[in-house]
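Please read the structure below before turning to the comments.
The values are calculated or read from the model by the stated rules, or taken from the named source; none is laboratory data. Quick caveat, the model's predicted, so the values are computed rather than measured. Neighbour counts are summed over all protein chains in view; Cβ atoms, including those assigned to glycine, are modelled from backbone coordinates with ideal geometry. These accessible areas exclude ligands, DNA and RNA; they are computed on the full protein's heavy atoms, side chains included. Shrake-Rupley method; radii C 1.70, N 1.55, O 1.52, S 1.80 Å.
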Amino acid sequence: MPDANDPRGRAAARSKAVAALKPTIDVIIDRHYNSRVYTSGSVVAGRAIIKTLRDIAFDHFDIVFTGIAATRLDFVQQYPSHSFRPFLKLRMPISEDHVPEDRIFKTGRTYTIPFHFVVPHQLPMGACKHQCEVGDVLDHHLRLPPTIGFWSADDQAPEMAQIEYAVKARAVKRENDGLAATKVMEGQHVVKVLPASPEDAPLDITFRDERYTMVKTKTIRKNLFSAKTGKLTATSTQPEAVMFSADGRDASLSAAHIRLEFVPDSVDTAPPKINSVSAKMLSTTFFGAAPVNYMPNLGPRTAYHGNPCLNYVTTNPVFSHSVSKISWLQEKMDTGRRDSGYSSSHLSPDTDGVANSSGNSNKKAGSAIKHVASLDIPFTITNTNRKIFLPTFHSCLISRTYVLQLCLSVGPTNTNMTLSVPVQVGVETIHDDPQGGTLPSFESVMARDEEAAADSYLRPRIRRAASEDAPQTNTLLPGYSELSRRAAVPVAPVA
């Protein structure tokens, strides 16, 4: 307890007293609880409650739904250490009936101001104004990023990267000059947002994308000192996205696809035994001090960029299975195929591939066959109260990507073959608001208007034939001279 005679103790007590008297605003969200997750299209509605201990004069009262990204670069001297970037700001129109006419919150009275927001499906165009290398980067930057740093579980992101969504209410008092303004009251309520993230097309991986390894070739031997028996090539493709439900509790099932191709040195050599297959998920968070104009997960690891990104990686085991039986199929090799001079873009320069194996078999006049097999291993990931997986996203300052690292143990020497395959983590889109909201989303309104316009355009027009009793003076069409002589007849307005 601070001494009353100590100047520092008196200062501390004075600051506490001032903080207790400082007016605040309570932001209450309807039907909210600590673990509640909001997604695209969800309604965030409630009220701001003002009750002060003294009269508070203000000029303007504001309630906004904000999204802010913040990063911090530690021990990097040549770049700014902090970055703060608002990317979303929805303002709630406030009726004059909910604020006092004299613009004074008086002591002893309670003021309640309602608000109603809908989490958007897309950011406005002004959220990303910097130049981007390709159009896909801008498309990703205009998507809502998920909350980072405010979950009760580990979201596998560093403390230096945060994304916050909140409802903020504030009362502002303008200075005498009318230009500057001061916040006299403020309150906020932070919410967790897990935006809808539909499945994207598979990435076009080339050998320049060093974070991924789609093809791996190894020489197989019976033991460490014996001659080689052949070459085994493992090839994988990007699996389907793991899609979480809108609340992040349930996840869909995906599968890892591995194609095996063994080219023996002699015809009577059997393919090697696949002992086991294991996988782990690498979660990478990229963050920088300035907006990036490229995909940080693509390209060389050491490529120079004007706005570099740091990365933070965590590892999670996914599965580990022993392979008891695998069905190998024998195929003839096309030894007469000539090299066209073009190389496949998905093969790395140090990968032998099928073409080199064919050439090797020609040199030794050995095997003109190859053995092929495939492995399809289902897998999924789950969110727990200790660790959660955020959706894959790319924003101006922060990105999150995932790599499924597959490891095969092959042959009597337990030769390891490791593949690094991209995996997308998404969130299902809900079109109907599950929380009882009354406001439709912007996309649903636009779709409804387009459908109504299309129906109006395609609606059949009814043309009625002329009555038989009507007099007909001429069966020919009128000419221009006759039309010009006709006078316009005024039509009386319908009552």
Checklist entry - Since SER324 meets every condition but one in (1) within 28 Å of the chain's Cα centre (by Cα); (2) modelled with pLDDT of 70 or more; (3) polar (S, T, N, Q), which condition does it not meet? => result (1)
Checklist outcome for this item: Quick count over the range 46-63, residues being buried (at least 20 other Cβ atoms within 10 Å of the Cβ) and assigned to a loop (DSSP other than H, G, I, E, B), is 2
Item to check | LEU404 vs. criteria modelled with pLDDT of 55 or more and either in the same structural domain as THR71 (by the TED database) or within 23 Å of GLY248 (Cα to Cα) (or both) | outcome: yes
Item to check | Boolean, PRO202 is surrounded by fewer than 18 Cβ atoms within 10 Å (Cβ to Cβ) and not assigned by the TED database to the domain that holds ALA166 | outcome: yes
Item to check | Which numbered condition GLY299 fails, given (1) touching a strand residue (DSSP E or B) at 6+ places or on another chain (Cβ under 9 Å); (2) open to solvent by less than 20 Å² (accessible area, probe 1.4 Å) | outcome: (1)
Checklist entry - What is the residue count in the range 228-245 for residues that are touching a strand residue (DSSP E or B) at 6+ places or on another chain (Cβ under 7 Å) and outside any strand (DSSP E or B)? => result 5
Item to check | Selection from the range 28-45 of residues that are open to solvent by 10 Å² or more (accessible area, probe 1.4 Å) and not basic (Lys, Arg) | outcome: ILE28, ILE29, ASP30, HIS32, TYR33, ASN34, SER35, VAL37, GLY41, VAL43, ALA45
Checklist entry - Among (1) touching a Ser or Thr at 6+ places or on another chain (Cβ under 6 Å); (2) open to solvent by less than 20 Å² (accessible area, probe 1.4 Å); (3) assigned to a strand (DSSP E or B), where does ALA169 come up short? => result (1)
Item to check | Pick from the range 206-221, criterion touching a Lys or Arg at 6+ places or on another chain (Cβ under 9 Å) and assigned to a loop (DSSP other than H, G, I, E, B), ranking: most open to solvent (accessible area, probe 1.4 Å) | outcome: GLU210
Item to check | Matching residues in the range 270-285 - criterion: being touching a Gly at 6+ places or on another chain (Cβ under 8 Å) and open to solvent by less than 30 Å² (accessible area, probe 1.4 Å) | outcome: PRO272
Next on the checklist: For the range 368-394, which positions are among the hydroxyl-bearing types (Ser, Thr, Tyr) and either at pLDDT below 95 or more than 24 Å from PRO308 (Cβ to Cβ) (or both)?
Outcome noted: SER374, THR380, THR382, THR384
Item to check | Residues of the range 176-199 that turn out to be assigned to a loop (DSSP other than H, G, I, E, B) and either open to solvent by less than 50 Å² (accessible area, probe 1.4 Å) or free of Cβ contacts under 8 Å to residues at least 40 places away in the same chain (or both), as a count | outcome: 8
Checklist entry - Quick one: in the range 240-267, which of the residues that are surrounded by 15 or more Cβ atoms within 10 Å (Cβ to Cβ) and β-branched (Val, Ile, Thr) is nearest to the chain's Cα centre (by Cα)? => result VAL242
Checklist outcome for this item: The condition of being on the phi > 0 side of the Ramachandran plot and open to solvent by 10 Å² or more (accessible area, probe 1.4 Å) holds, among ASN414, ASN385, only for ASN414
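A quick yes/no check of all residues on (1) modelled with pLDDT of 90 or more; (2) among the β-branched types (Val, Ile, Thr):
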position	(1), (2)
TYR111	yes, no
PHE117	yes, no
GLN122	yes, no
MET125	no, no
LYS129	no, no
VAL134	no, yes
VAL137	no, yes
LEU144	yes, no
PHE150	yes, no
Item to check | the range 43-70: number of residues that are modelled with pLDDT under 95 and of a type in the set (Ser, Thr, Tyr) | outcome: 1
Item to check | Matching residues, the range 136-150, being open to solvent by 50 Å² or more (accessible area, probe 1.4 Å) and over 17 Å from VAL44 (Cβ atoms) | outcome: ASP136, LEU138, ASP139, ARG143
Item to check | the range 211-249, residues that are out of contact with any His (no Cβ under 7 Å at 6 or more places or on another chain) and under 30 Å from SER40 (Cα atoms) | outcome: GLN238, GLU240, ALA241, VAL242, MET243, PHE244, SER245, ALA246, ASP247, GLY248, ARG249
Next on the checklist: Kindly evaluate LYS106 against the criterion of being in the same structural domain as PHE87 (by the TED database), touching a Ser or Thr at 6+ places or on another chain (Cβ under 7 Å), surrounded by fewer than 19 Cβ atoms within 10 Å (Cβ to Cβ) and touching a residue at least 24 places away in the same chain (Cβ under 8 Å).
Outcome noted: no
